[in-house]
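To keep things clear, I will list the structure first and then write my remarks on it.
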Amino acid sequence: MSAAITAMPGVGVFQPVPVPSTPAPRRLHRLAEVRRQEGLTRAAMARRLGISPEEVLQQEKSLDLPLSTLFAWQRALDVPATELLIEGDTSLSPPVLRRARLLRMMKTVVSIAQRAKQPSIRRLAQVLREQLLETMPELKDAQPWPAVGKRRTSKDLGQAAFRRFADSLAWELDRESV
């Protein structure tokens, strides 16, 4: 409670009057933090949830979520629902951190195994994969990191530059601009 100083009606004396204070609203979940720990982008999370990336962002920023949304995230991330809630401590529990780290390592190992040209590198990746599976068998279905093509320079043209449009579309766009 904070106090405001006001004059009492009919009396020239100023007295403190209690004014109820409300705490600033705070987020009660850590959806974004767990998503990042799992190595997922908003787009990947949107695919898992069947919603748009904008909706994922909106849910991550939301101060209050329905339980159905929280449990959808729990299923999509495959973590205990309690890990998505903020309690007194804001850090993730050791088992969830360990799982997230091992999953990132496995994604890297699978990526190396798929992209390596030398048999010796592929064999080392396979040995490391087997060792990780001994530690955490549920990683067996881990997918590699998304393959990204080489970055374009400012002089390179994007794919849109090579697409052809119908002449009628160009005429329609020209008429709309007038």
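Every number here is computed from the coordinates shown, using simple stated rules; none is lab data. Just so we're clear, the structure is a prediction, and the values are computed from it rather than from any experiment. Reconstructed Cβ throughout: ideal geometry from the backbone, glycine too, with neighbour counts over all protein chains shown.
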task: Can you tell me the order of 49-59, 26-36 when each peptide is scored by its average per-residue count of other Cβ atoms within 10 angstrom, highest first?
output: 26-36, 49-59
Spatial extent of segment 93-146: Rg and Dmax, with the Cα atoms as the point set, Å: 11.3, 39
task: Report the net charge of residues surrounding VAL110, where surrounding means a beta-carbon distance below 13 angstrom and charges are Lys +1, Arg +1, Asp -1, Glu -1.
output: +4
field: Local electrostatic count at THR41 - Lys and Arg +1, Asp and Glu -1, tallied over other residues with Cβ under 15 Å
entry: +2
